[in-house]
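Below is one structure; the comments refer to it alone.
The values are calculated or read from the model by the stated rules, or taken from the named source; none is laboratory data. This structure is a prediction, so every number in the text was calculated from the model and none was measured. Cβ coordinates were reconstructed from backbone atoms using ideal geometry, including for glycine residues, and neighbour counts include every protein chain displayed. Surface areas here come from the heavy atoms of the whole protein model, side chains and all, with no ligands, DNA or RNA. Shrake-Rupley method; radii C 1.70, N 1.55, O 1.52, S 1.80 Å.
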Amino acid sequence: MQKPLTFLASLAFVATLALPLSAQETAKADPSTVVATVGDTEITIGHMIVAWAGLPEQYQGLPDDVLFQGILDQLVQQTALQQQFDGNLPPRIALQLENERRSLTAGEAVNGIMEAPLDEADVQAAYDKDYADTDQEPEFNASHILVETEEEAIAVQQELADGAEFAAVAREKSTGPSGPNGGQLGWFGKGAMVPEFEAAVTELEVEAVSDPVKTQFGWHVIKLNETRVQNVPALEEVREEIELQIRQIHAQEEIEAITAAADVDRSGAEGISPSVIKQVNVLE
């Protein structure tokens, strides 16, 4: 899969203004509905929706009645403060508004690029590259008994050779978190375990028990319960992921093309110390 696109990731504001379906009520909101006035200034449902969309994610899930009242209170307070302010706004406010407008407009441009229709042949080609043309990887289901010393591991191995049940010994002697569950680790693929553990597992036959294996966690006695080949997902199972990947790639290419075609002159930045961007006090 392609690496995440740095430019697109920086456009977080694009997502903040798109309401998820789970947050929408059955009755469609009318953004023009006035919910409060402060003097002659109207506060509408639209203002509240945009305020909600800009909240940090951990606050967006609060109960609707709490959010509604909290956002309305905040907008009323802000409007009252705005109206009583009679000084001159510092230059940074105008610059912040300019940057905000630039960002929101750029976000709409990116949305337009991302929403362009996709060629089904491109979707199929991306699927074939990432899934259909790749080798199917094996997966393993194993259990282990973890102890502190090699001597303990050898004793466990002998106990199993004498007929003891693996799960019972694991529950009694394993110091790992899987011990109470009979040592069960469940299914895992290559790369999921530390190298020494993985190497031992891949050499085992099903139902076989390993010799003691040393890792950074201690000494393991491992039993391979079962193996399987990881199934390749059908196109429809990963379509959304693939389409998003293609749209991101197309968007990045279009952004780079638009930027390259623009009449850009960066000569004004030559010779300027990078540290100047931290001098917020000059904007007061």
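For the chain, the share of accessible area belonging to carbon and sulfur comes to 53 percent (1.4 Å probe, ligands and nucleic acids excluded).
Distance from the C-alpha centroid of the range 96-162 to that of the range 171-221: 23 Å, rounded to the whole angstrom. Considering only DSSP states other than H, G, I, E and B, which chymotrypsin sites (Phe, Trp or Tyr not before Pro) in the range 50-140 qualify as loop sites with at most 14 other Cβ atoms within 10 Å? Taking the range 50-140 and a limit of 14 other Cβ atoms within 10 Å, the loop chymotrypsin sites (Phe, Trp or Tyr not before Pro) found are F85. For the chain, relative contact order (Cα pairs under 8 Å, six or more residues apart, normalised by length) works out to 19 percent. Using a probe of 1.4 angstrom and keeping all protein chains present, the accessible surface of the chain works out to 68 square angstrom per residue.
In loop segments of the range 94-192 as defined by DSSP, the trypsin sites (Lys or Arg not before Pro) with at most 14 further C-beta atoms inside 10 Å of their C-beta are K190. Which angle between 0 and 90 degrees, to the nearest 10, do you get for helix 64-84 versus the longest principal axis of the chain when only C-alpha atoms count? It works out to around 40 degrees. For T44, the residues 5 or more places off, or on other chains, whose built amide H falls under 5 Å of its own are V35. Indicate the gyration tensor shape class of the chain (rounded, prolate or oblate), computed on the Cα atoms with a ≥ b ≥ c the square roots of the eigenvalues: a/c under 1.5 is rounded; otherwise a/b larger than b/c is prolate and the rest oblate. Prolate, since a/c reaches 1.5 and a/b exceeds b/c.
When only Cα pairs below 8 angstrom with a gap of at least 6 residues are kept, the range 103-235 shows a relative contact order of 33 percent.
In order along the range 45-54, phi translates into HN-Hα couplings of 4, x, 4, 5, 4, 5, 5, 4, 5, x Hz, rounded to whole numbers, per the Karplus curve 6.51 cos²θ - 1.76 cosθ + 1.60 with θ = phi - 60° and x for Gly and Pro. Could you tell me whether the range 48-105 comes out rounded, prolate or oblate from its Cα gyration tensor? Rule is a ≥ b ≥ c as square roots of the eigenvalues, rounded for a/c under 1.5, then prolate if a/b exceeds b/c, otherwise oblate. It is oblate, given that a/c is not under 1.5 and a/b is not larger than b/c. Once the Cα-Cα distance is subtracted from the 0.36 nm per residue extended length, the E254 to E203 segment shows a gain of 13.4 nm. Put simply, the amide H of N225, placed in the peptide plane, has neighbours under 5 Å in N141, A142, S143, E207, leaving out anything fewer than 5 places away on its chain. Residues of the range 85-99 with the amide nitrogen closer than 20 Å to a label point 7 Å from the Cα of D40, along Cα-to-Cβ, please. Of the residues in the range 85-99, 85-87 have backbone N under 20 Å from the label point off D40. Summing +1 for each Lys or Arg and -1 for each Asp or Glu among the other residues whose beta-carbon sits under 15 angstrom from that of K278 gives 0.
Relative to the longest principal Cα axis of the chain, at what angle does helix 91-114 sit, 0 to 90 degrees, rounded to 10? Its long axis makes an angle of about 60 degrees. Pull out a ≥ b ≥ c, the square roots of the eigenvalues of the alpha-carbon gyration tensor of the range 226-284, then state rounded if a/c is under 1.5, prolate if not and a/b is larger than b/c, and oblate in the remaining case. Prolate. Straight-line cross-link partners of K129 among the lysines, defined as a Cα under 24 Å from its Cα and at least 8 positions apart when in the same chain: K3, K190.
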